[in-house]
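Each remark here refers to the structure printed beneath this line.
The values are calculated or read from the model by the stated rules, or taken from the named source; none is laboratory data. Being a predicted model, the structure only gives us computed values, none of them experimental. We place every Cβ from the backbone using ideal geometry, glycine too, and count neighbours over all the protein chains shown. Surface accessibility is based on the protein's heavy atoms, side chains included, excluding ligands, DNA and RNA. Shrake-Rupley method; radii C 1.70, N 1.55, O 1.52, S 1.80 Å.
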Amino acid sequence: MSGTSLRNRVAIVGVGESDIGKVPGMTGLGLNAQAAKRALDDAGLKPPDIDGLLTAYSFTEPYFMLGSVLCEYLGLQPRFNASLVVGGATPAVMLKHAAEAIVAGQAEVVLVTAGENRATGQSRDQAVAALTAVGHPYFEQPYGSSIPGFYAMIARRHMLEYGTTREQMAEVAATTRRHALLHPNAHMKAPLTREQVLSAKPIADPLGMLDCCLISDAGGAFIVTSAERAADLRAKPAYLLGIGEFHTHEHIMCAPSLTEFGATRSGAAAYRMAGLGPADIDVAELYDCFSVVPIIEAEELGLCPRGEGGRYWLDGRAAIGGGAVPVNTHGGMLSHAHAGAAGGLFGIVEAVRQLRGGLGARQVEGAEVALVHNEGGILSSHCTMLLGKDKA
Amino acid sequence: MAETLPSPVVNADSAPYWQGAREGRLLIRRCDACGKTHFMPRHLCPACWSADLRWVEATGRGTVHSFTVIRRAPLAAFAPRVPYVVALIDLEEGPRMMANILGEDALDTAIGDAVAVCFEDRGEGAAVPQFRRAGGRG
Ligand SMILES: [Zn+2]
């Protein structure tokens, strides 16, 4: 049936974040490099130890072959390298590719990075291009559609079919802001109430400005190696227990459904590989480009029944110490940082940190298994991973 | 002076579709092998991969599957039109497509509304399919 399982074979042994927010003194490549250096230091490794590199894409800098460009910038000559483009799903998919390369003997230590200087490094025209690029160039863009508009149509459908409310969506932004205030490197530093989210400037009904993710300068990185080598390194390893992806469309006009997406399938594959289920999850880092998205993902990944995602947030179950599985403990893309593919990568960084422990007020007590979900496009491409403090 | 709304970009997959729009006809692709229709036009049928496809004229009747009111335009050309409705339309023949809902009552759009195709001039004879509310629920 399936080939070699990736279960228990590799671990994340180093994580790093660049400076985050408005960082005008740094390029996109510089942000990737800063995060990579911090991840490498965290792992207690040296640049010559790296023999594989994976990175994503950039809207702000004009490089083709971004993986090779980043290797060149970092002075690396690896035997394994690529730049991947699966939108927001890219970081989790990169972990999967890194794990496959390591298990196949094609690399031993893989550096994975993503990041862009989206807040200060792009002109108004580039910002607009980034906003529209996900729409179909011939059959969606002629109608003045936008990414918030696409997610707004999904939100409206969820409201109709399940009774999801604006208050529930606003609580996603408010809860994750409270989490971000516990994170020393989060972009957002001020409290945010549900009322503020509801009264924010409307963007695409029913979504307002504060239902939309941030635009940050930010880079993130992590180091992957074999479980054997991980045992000899400085940091506590976070073992890959299970991982799966699923892809159903790219453009919303071709989505098979506006309420059921590929996260159910990617999540099932990850759970199956790990031999675990939703009841085993201690903390979840979900993709949150818009407030409605982690409501849908909580349902698809089994944290709550279908249609109850909104209540999961409004009832406080997604909060740290809320009695269920806390979600987006770093603040997510709504409050910690969002810069291209780095947004989802920070969920992986946070999951590793939660499993290591010692995060103070942000710590989910007894966190042993973490789920991370990344999605790209318009809930088009999905990748779910389970990471463990110990092997499964 | 406002920028003009974008003209259709014609390529080998879509040339007859946009020619149809110039003539006030909404054309979709139907597969002669499996009988299914699809949107957007392709070289082969996404259901069975047959390349035995034909263009058929849709009735232009459909229903609103979902919609949004855009209050912040992504491109300067659309700014004068704000607020405007972007919708996903389920055509009577089955396929789903995106368009704006035009007309004075466009902001009253609701999911399930019956809509009918119309064509919006985009310069030099080019046109894009659009929809208007047709009264009632589909
Ligand atoms: Zn067919």
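Residues of region A:184-216 with accessible area at least 50 Å² lower in the all-protein-chain context than alone (1.4 Å probe)? Residues shielded by partner chains are A:Ile203, A:Asp205. Think of it as helices only: each DSSP H run of n ≥ 4 in chain A is worth -39500 (n - 2.57), and spread over all residues that comes to -10000 deg cm²/dmol at 222 nm.
Plugging the Kirkwood radius over Cα pairs into Stokes-Einstein for region A:179-296, at a temperature of 20 °C and a viscosity of 1.002 mPa s, what D comes out in µm²/s? Value of D from the Cα-based Kirkwood radius: 118 µm²/s. The largest-to-smallest principal axis extents of the Cα set in region B:15-137 are 44, 35, 24 Å.
Given R0 = 22 Å, the distance between the Cβ atoms of B:Val10 and B:Arg81 translates into a calculated FRET efficiency of 0.40.
Chain A packed on chain B takes about 2900 Å² of accessible surface away from a 1.4 Å probe, both sides summed.
Computed 3J(HN,Hα) for region A:229-234, one whole-Hz value per residue from the Karplus formula 6.51 cos²θ - 1.76 cosθ + 1.60 where θ = phi - 60°, is 5, 4, 5, 9, 9, 5, glycine and proline marked x. Note that chain A presents 34 Å² accessible area per residue, ligands and nucleic acids not counted, probe 1.4 Å.
Dipole magnitude for the protein assembly as shown: about 300 debye, using +1 per Lys or Arg Cβ and -1 per Asp or Glu Cβ, origin at the Cα centre.
Contact with the other protein chains removes 50 Å² or more of accessible area, compared with the isolated chain and a 1.4 Å probe, from these residues of region B:71-93: B:Arg71, B:Arg72, B:Pro74, B:Leu88.
If you take the beta carbon distance between B:Cys118 and A:Val85 as r and set R0 to 41 Å, what does 1/(1 + (r/R0)^6) give as a FRET efficiency, to the nearest 0.05? The pair B:Cys118/A:Val85 has a calculated efficiency of 0.65.
Carbon-plus-sulfur accessible fraction, the protein assembly as shown (probe radius 1.4 Å, protein heavy atoms only): 51%.
Whole-Hz Karplus values for region A:286-299 come out as 9, 6, 9, 4, 9, 4, 6, 5, x, 5, 5, 5, 4, 6 Hz, taken residue by residue from phi with 6.51 cos²θ - 1.76 cosθ + 1.60 and θ = phi - 60°; glycine and proline positions read x.
In region A:137-163, burial by the other protein chains removes 40 Å² or more of 1.4 Å probe accessible surface, compared with the chain on its own, from A:Tyr138, A:Phe139, A:Pro142, A:Tyr143, A:Gly144, A:Met153, A:Arg156, A:Arg157. Multiplying the residue separation of A:Ala279 and A:Thr120 by 0.36 nm and subtracting their alpha-carbon distance yields 53.0 nm. Around the amide H of A:Glu285, modelled in the peptide plane, lie the amide H atoms of A:Asn328, A:Leu371, A:Val372, A:His373, all under 5 Å away and 5 or more residues distant in sequence or on another chain. Taking chymotrypsin sites (Phe, Trp or Tyr not before Pro) across region B:32-138, the ones in a DSSP loop with at most 13 further Cβ atoms lying within 10 angstrom of their Cβ are B:Trp49. The listed residues B:Asp90, B:Asp108 rank as B:Asp108, B:Asp90 when sorted by accessible area, largest first, using a 1.4 Å probe. Considering only B:Ala76, B:Ala15, B:Ala114, the Gaussian network model of chain B with Cα springs below 10 Å gives its largest mean-square fluctuation to B:Ala76. When the listed pairs A:Lys22/A:Lys389; A:Lys96/A:Lys391; A:Lys37/A:Lys189; A:Lys22/A:Lys96; A:Lys37/A:Lys391; A:Lys46/A:Lys391 are checked against a 22 Å cut-off, the alpha-carbon distance exceeds it for A:Lys22/A:Lys389; A:Lys37/A:Lys189; A:Lys22/A:Lys96; A:Lys37/A:Lys391; A:Lys46/A:Lys391. What distance in nm separates the two pseudo spin-label positions at A:Phe64 and B:Glu57, each 7 Å out from Cα along the beta-carbon direction? Label at A:Phe64, label at B:Glu57, 4.5 nm between them. Among the cysteines of chain B, B:Cys118 have no other cysteine beta carbon within less than 4.7 Å of their own.
For the residues A:Glu375, A:Glu195, A:Glu300, a GNM of chain A with alpha-carbon springs under 10 Å puts the largest fluctuation on A:Glu195.
A Förster distance of 22 Å, applied to the separation of the beta-carbon atoms of B:Lys36 and B:Asp108, puts the FRET efficiency at 0.10. The translational diffusion coefficient of region A:68-208, from Stokes-Einstein at 4 °C and 1.567 mPa s with a Kirkwood hydrodynamic radius over alpha carbon pairs, comes to 68 µm²/s. Please report the base-10 log of the normalised intensity I(q)/I(0) for chain A, using a Debye sum with one equal scatterer per alpha carbon and no solvent, at each q in 0.06, 0.13, 0.15 (1/Å). Evaluating at q = 0.06, 0.13, 0.15 Å⁻¹ gives log10 I(q)/I(0) of -0.19, -1.00, -1.39.
Computed from label points 7 Å out along Cα-Cβ, the spacing between A:Arg306 and A:Glu167 is 2.6 nm. Of interest is the spacing of the C-alpha centroids, which for region A:1-68 and region B:1-42 amounts to 42 Å. From a point 7 Å beyond the Cα of A:Lys22 in the direction of its Cβ, which residues of region A:169-209 have a backbone N at a distance under 17 Å? What the label zone holds, given the 17 Å backbone N cut-off, is A:186-190. Between A:Pro206, A:Pro148, A:Pro184, the Gaussian network model of chain A with springs among Cα atoms under 10 angstrom shows the greatest mean-square fluctuation at A:Pro184.
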